[in-house]
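Following: one structure in structure tokens, then a few remarks.
The values are calculated or read from the model by the stated rules, or taken from the named source; none is laboratory data. Remember, it's a predicted structure, so these values are computed and weren't measured experimentally. Note that we place each Cβ from the backbone using ideal geometry, even for glycine, and neighbour counts take in every protein chain shown. SASA here: full protein model, heavy atoms, side chains in, ligands and nucleic acids out. Shrake-Rupley method; radii C 1.70, N 1.55, O 1.52, S 1.80 Å.
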Amino acid sequence: MAPHFSKIRLGFKLNGIPFDREGLKEVAYSFIKEGEPYEQAVGDFLTDWLSEKETIQIKTSGTTGNPKLISIKKQYMVNSAIATGNFFKTTVGDRALSCLSSNYIAGKMMLVRAIILGLELDLAAPSSRPLANSTKEYDFCAMVPLQVLHSIHDLDRIGTLIIGGAPITNTLFQKLQLVKANAYATYGMTETITHIAAKKLNNFINASEVRHMHYKLLPDVSISQDDRNCLVIHASKLNDETIATNDIVKIISDDAFEWLGRYDNVINSGGVKLMPEQIELKLAESLPRDFFVSSIPDEALGEKLVLVIEGDKIDIDPITFANLDTYETPKELFFISEFKRTGSGKIKRTATLETIK
């Protein structure tokens, strides 16, 4: 008898074709032998998923420490898929698009969700424009910010869009206000089997909703804080251990929190601790380009707060800094033609700063 975690729910389709367990094994074998690189990754994962093994080896992202290989229980991946389905109200037969690499947890979980929830899943190469070669409509899709930015004019064909892997820039946030897709930023990591919380990004009823955007927890997850004010995750259906992160948060309620920034990014300028992400939030509405706040060495202050803006040099109106406290006001501005970014579009702050020197 097949293990519970490898049962395929009636309604599941892959690229428009229904498959049972044995049929999906054949597809996996075909992908591995004859498929494109992204299909080979799908085939490798499906082969692992449909095996008798109860765990899968996955490399972590480094959110809770240095990247490493960890073993994740397949049953916990099933639990995660069900929690996502309940939170976003997906139903059997919903059409979903997988456009993330199956070498990583986010791409693997799109396959698991489809199998467990009975979704009709189409595969697309994990390119920057995954919707470019199709006119189909989808009920559910996961993307990284870079894909969202390059697909902005096609997003009306998606019902629910979850976005993870990198922060949402102000530029992307403003563009999302013009699309019909219900977009959500997700919070999570490999150790929590992708997201444990989601935050609405657009289609707000009123302005107060925008001002109070908080991450809402998925079912069966609870949170606390450590002595650094960093988030601690309790999710026994996703991980055997309590997970301590390096993300500084403000807990709003039992099921909601506000992300404030990374503990590793905190700047100590003249003895005052500054959180770049919170300063960036205050500047977001005033600056028309992508930017970030960081620091450079300074003899007097130890670390000097600086503002780094992408693109050619422009005049910045002093009113831009009106909402900042004295210590939060950047002491120097830098313009860089193009930021260094990860494959998911996340700005590499340290690498970008090094181009200034």
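Each Lys and Arg contributes +1 and each Asp and Glu -1, all at the Cβ; summed about the Cα centre of the chain, the dipole is approximately 540 debye.
Take 318-326, 22-30 and order them by the average number of nearby Cβ atoms within 10 Å per residue, most first; the result is 22-30, 318-326. Take the Kirkwood radius over Cα pairs of segment 118-240, plug it into Stokes-Einstein at 4 °C and 1.567 mPa s, and you get 82 µm²/s for translational diffusion. For segment 106-189, the equivalent ellipsoid derived from the Cα gyration tensor has semi-axes of 20, 15, 12 Å, listed largest first.
For segment 232-321, take the alpha-carbon Rg, divide it by the Kirkwood Rh, and send me Rg/Rh. Display every interim value, and only then the final one.
Details: Rg = 17.0 Å, Rh = 15.7 Å.
We get a ratio of 1.09 for segment 232-321.
Only alpha carbons enter this Debye calculation for segment 303-357, each as an equal point scatterer, and the log10 of I(q)/I(0) it gives at q = 0.15, 0.26 Å⁻¹ is -0.51, -1.11.
Its Cα gyration tensor gives segment 182-281 an equivalent ellipsoid; the semi-axes, largest first and in whole Å, are 22, 21, 11.
Under 10 °C and 1.306 mPa s, how fast does segment 1-159 diffuse according to Stokes-Einstein, given a Kirkwood radius computed over C-alpha pairs? Answer in µm²/s, whole number. Can you show the working numbers first?
Details: Rh = 16.1 Å.
Answer, rounded: 99 µm²/s.
For ARG129, the accessible area of its heavy atoms, probed at 1.4 Å with every protein chain present, is near 130 square angstrom. Averaged over residues, the count of other Cβ atoms within 10 Å places the peptides 160-167, 270-277 in the sequence 160-167, 270-277, highest first.
Most simply put, segment 1-135 has about 55% antiparallel DSSP beta bridges, counting only bridges with both residues inside it. Dimensions of segment 83-128 from C-alpha coordinates, computed as largest minus smallest value along each principal axis and given longest first, are 27, 17, 17 Å. Between segment 5-58 and segment 275-339, the C-alpha centres lie 47 angstrom from each other. Take ARG157: with every protein chain present and a 1.4 Å probe, its accessible area is about 40 Å².
Both numbers refer to the Cα atoms of segment 44-118; Rg and Dmax are 12.8, 39 Å.
Calculate, in whole percent, how much of the Cα-Cα pair population of segment 217-271 lies beyond 17 Å.
Every Cα pair in segment 217-271 considered, those over 17 Å come to 40 percent.
Taking every Cα-Cα distance in the chain and sorting them into 10 Å bins starting at zero, the pair-distance distribution P(r) comes out as 5, 23, 32, 24, 12, 4, 1 percent. Beta bridges from DSSP with both residues in segment 211-357: antiparallel share about 85 percent, rounded to the nearest 5.
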